[in-house]
1. Determine which member of the set Ser53, Ser64 is loosely packed, with under 15 Cβ neighbours inside 10 Å, of a type in the set (Ser, Thr, Tyr) and closer than 19 Å to Ala14 by Cβ.
2. Does the stretch 120-129 include one or more residues that are at pLDDT 85 or above and over 17 Å from Val144 (Cα atoms)?
3. Residue under question is Arg42, and the condition is that it be basic (Lys, Arg), surrounded by 15 or more Cβ atoms within 10 Å (Cβ to Cβ) and over 27 Å from Gly92 (Cα atoms); does it hold?
4. Kindly provide the set of residues from the stretch 1-21 that are over 23 Å from Ile89 (Cα atoms), assigned to a helix (DSSP H, G or I) and hydrophobic (A, V, I, L, M, F, W, C), ordered by number.
5. Quick check on the stretch 90-111: of everything there that is among the hydrophobic types (A, V, I, L, M, F, W, C) and loosely packed, with under 11 Cβ neighbours inside 10 Å, which residue is farthest from Ala58 (Cα to Cα)?
6. Looking at the stretch 22-38, which of the residues that are touching a residue at least 12 places away in the same chain (Cβ under 8 Å) and in a helix (DSSP H, G or I) is surrounded by the most Cβ atoms within 10 Å (Cβ to Cβ)?
Amino acid sequence: MHRNDLIAIGELAARTGVAVSAIRFYEAKGLVAALRTRGGQRRFLRADIRRISFILIAQQMGLSLEEIGAELARLPAGRNPNAADWARISAGLRARIAAQIAALERTQELLGNCIGCGCLSLKNCKLYNARDKAAQRGAGPRYVLGDHYREIAEIE
């Protein structure tokens, strides 16, 4: 490994916009690994810029640190991830993103109407959730969770 492939923790923080303390936290969690100089200073691979960026994106998506760690474990250690490496990871995340988009779109469409929990309007509930049939599908806002009021209306 060439010295130019390594960067100090401060440079990694500057390049990613992440605080040095957060990088230390990610290191403690095993999400990134520092190499040590003879003087004990942390040095990171330039590839860790991408790893930290992935962590930030994954956190915004709602992935737990354990889930993020599992995804990062699929990346090669000691070299920059290539297109095939990222394609492997992104394939699994695409389904999760699509499900989140669908849930957000359902929520957006239903916010002004009945969401299947019987709390917004007795007038609407007579139409969309008569006799609180949505509750037979389970707890919570059934329509936002993916149930359709026509399916629930058919429950006897």
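The values are calculated or read from the model by the stated rules, or taken from the named source; none is laboratory data. Owing to the predicted nature of the structure, the values given are computational and were not obtained by experimental measurement. Quick reminder, even Gly has a Cβ in these numbers, built from the backbone with ideal geometry, and neighbours come from all protein chains shown.
1. Of Ser53, Ser64, the one residue that is loosely packed, with under 15 Cβ neighbours inside 10 Å, of a type in the set (Ser, Thr, Tyr) and closer than 19 Å to Ala14 by Cβ is Ser53.
2. no
3. Yes: the conditions hold for Arg42.
4. Of everything in the stretch 1-21, those that are over 23 Å from Ile89 (Cα atoms), assigned to a helix (DSSP H, G or I) and hydrophobic (A, V, I, L, M, F, W, C) turn out to be Ile9, Ala13, Ala14, Val20.
5. Leu111
6. Once the filter is applied, the top-ranked residue is Ile23.
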